[in-house]
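See below for the structure under consideration.
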């Protein structure tokens with residue numbers, strides 16, 4: 001029997017009192033989850049929890065939502081080729097495709 005894998009975008013915060021969170025993609029298989037970070041920080045008020053995406057009132061919502069969609073598409077392709085979520089995360093971390101999924105350079109938007 002083939003295992004069902006779910007891929008859902010989510011907003012993760014370090015503490016429940018935080019006002020900002022990092023956009024992650026949660027990949028779940030056999031009740032085991034792995035989180036893949038997009039390294040995009042947004043305020044909790046700009047995250048749509050029902051639609052699992054950035055609200056349209058955010059000035060860069062189209063850009064962020066397209067980055068989320070691109071990552072989900074890439075994860076679905078990878079899940080169909082590999083047998084477990086451990087290998088999915090390893091494949092993405094060491095793949096050059098992972099770097100090119102984001103349609104914008106993160107350093108230009110979030111300078112340090």
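Any idea which of (1) more than 19 Å from residue 56 (Cβ to Cβ); (2) out of contact with any helix residue (DSSP H, G or I) (no Cβ under 7 Å at 6 or more places or on another chain) is the one residue 10 doesn't satisfy?
Failed condition: (1).
Sort out which residues of the range 19-31 are at pLDDT 85 or above and surrounded by fewer than 13 Cβ atoms within 10 Å (Cβ to Cβ), and write them in order of number.
19, 31
Residue by residue through the range 22-42, note down the ones that are touching a strand residue (DSSP E or B) at 6+ places or on another chain (Cβ under 8 Å) and at positive phi.
39
For the range 24-62, enumerate the residues that are in contact with a helix residue (DSSP H, G or I) (Cβ under 7 Å, 6 or more places away or on another chain) and within 26 Å of residue 79 (Cα to Cα).
Matches in the range 24-62: 25, 27, 29, 32, 34, 36, 38, 39, 40, 53, 54.
Only one of these is more than 22 Å from residue 19 (Cα to Cα) and surrounded by fewer than 18 Cβ atoms within 10 Å (Cβ to Cβ): 48, 70. Name it.
Testing whether each residue is more than 22 Å from residue 19 (Cα to Cα) and surrounded by fewer than 18 Cβ atoms within 10 Å (Cβ to Cβ) leaves just 70.
Per-residue answers, yes or no, for (1) free of Cβ contacts under 8 Å to residues at least 12 places away in the same chain; (2) under 19 Å from residue 88 (Cβ atoms); (3) touching a strand residue (DSSP E or B) at 6+ places or on another chain (Cβ under 7 Å):
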site: 20; (1), (2), (3): no, no, yes
site: 56; (1), (2), (3): yes, no, no
site: 59; (1), (2), (3): yes, no, no
site: 69; (1), (2), (3): yes, yes, no
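Of 50, 4, 34, which residue is modelled with pLDDT of 75 or more and under 11 Å from the mean Cα position of the chain (by Cα)?
34
Consider residue 92 carefully, then state whether it is modelled with pLDDT under 85 and surrounded by 13 or more Cβ atoms within 10 Å (Cβ to Cβ).
Yes.
The values are calculated or read from the model by the stated rules, or taken from the named source; none is laboratory data. The shown structure was predicted, so the numbers you read here are calculated from the model rather than taken from an experiment. For neighbour counting, all protein chains shown are included, and Cβ atoms are generated from backbone atoms with ideal geometry for every residue, glycine included.
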